[in-house]
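Taking it in order: structure first as structure tokens, then the write-up.
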Amino acid sequence: MPEAKPEPLTQSQKEQLEAELAELEGPRRREIVQAIATARGFGDLSENFEYHAAKNDQGLLEARIRTIRDRLDRAVVVDQSSSAGGVVGIGSTVEIEDENGELITVEISSVGGVSPDSPLGSALLGASPGESVEVNAPRGSWQARIVAVSPPA
């Protein structure tokens, strides 16, 4: 089995995942168990839409819990001081200008932002304001100029 790839996260991103996990394993899991129990009371399970929907929701919930647990098990909290000097790092908010002059603001984050493993994220990591980077996207390469870098919150 291949070595599990580390998941770089800022401390706040790790805390966000931990909070989501607590919500899913606590109140959300109890709601689904209750929905299944209620649906069972409606009779024949083979034609019981509510039961099948609740079981489907339970499967999706358990899959999300496994995903979050895996990410937290592989989590490596990154040193945010490196991106405080204007260099793009995990958790940085970056304002870029594309080839058409359009300004785009992105956060480098695998938790609700641009993944550091994506074409854009990997092109921006380590760059500084004023630099131009080439983004090798699946639909073709394009240039982006870094306008500003804000350190992680």
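The values are calculated or read from the model by the stated rules, or taken from the named source; none is laboratory data. Bear in mind the structure is a predicted one, so any value in this text is a computation, not a measurement. Neighbour counts run over all protein chains shown; Cβ positions are idealised from the backbone, glycine included. Accessible surface is based on the protein model in full, side chains and every heavy atom, while ligands, DNA and RNA are left aside. Shrake-Rupley method; radii C 1.70, N 1.55, O 1.52, S 1.80 Å.
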- Query: What is the number of the single condition among (1) without any contact (Cβ under 8 Å) to a residue 24 or more places away in the chain; (2) polar (S, T, N, Q); (3) touching a strand residue (DSSP E or B) at 6+ places or on another chain (Cβ under 7 Å) that Ser46 does not meet?
  - Reply: (3)
- Out of the residues in segment 117-152 that are within 12 Å of Gly89 (Cα to Cα) and touching a Gly at 6+ places or on another chain (Cβ under 9 Å), state the one that is least open to solvent (accessible area, probe 1.4 Å). Gly121
- Task: May I ask you to verify whether Ala4 is open to solvent by less than 70 Å² (accessible area, probe 1.4 Å), assigned to a helix (DSSP H, G or I) and of a type in the set (A, V, I, L, M, F, W, C)?
- Result: no
- Item | Test for Glu62: is it over 15 Å from the mean Cα position of the chain (by Cα), surrounded by fewer than 16 Cβ atoms within 10 Å (Cβ to Cβ), of a type in the set (D, E, K, R) and at pLDDT below 90 | no
- Kindly establish whether Ile96 is open to solvent by 30 Å² or more (accessible area, probe 1.4 Å), more than 13 Å from Gln13 (Cα to Cα) and touching a strand residue (DSSP E or B) at 6+ places or on another chain (Cβ under 8 Å). no
- Item | Wholly within segment 60-153, strands (runs of 3 or more DSSP E) carrying at least 3 residues that are among the β-branched types (Val, Ile, Thr) | 93-98, 103-107, 140-150
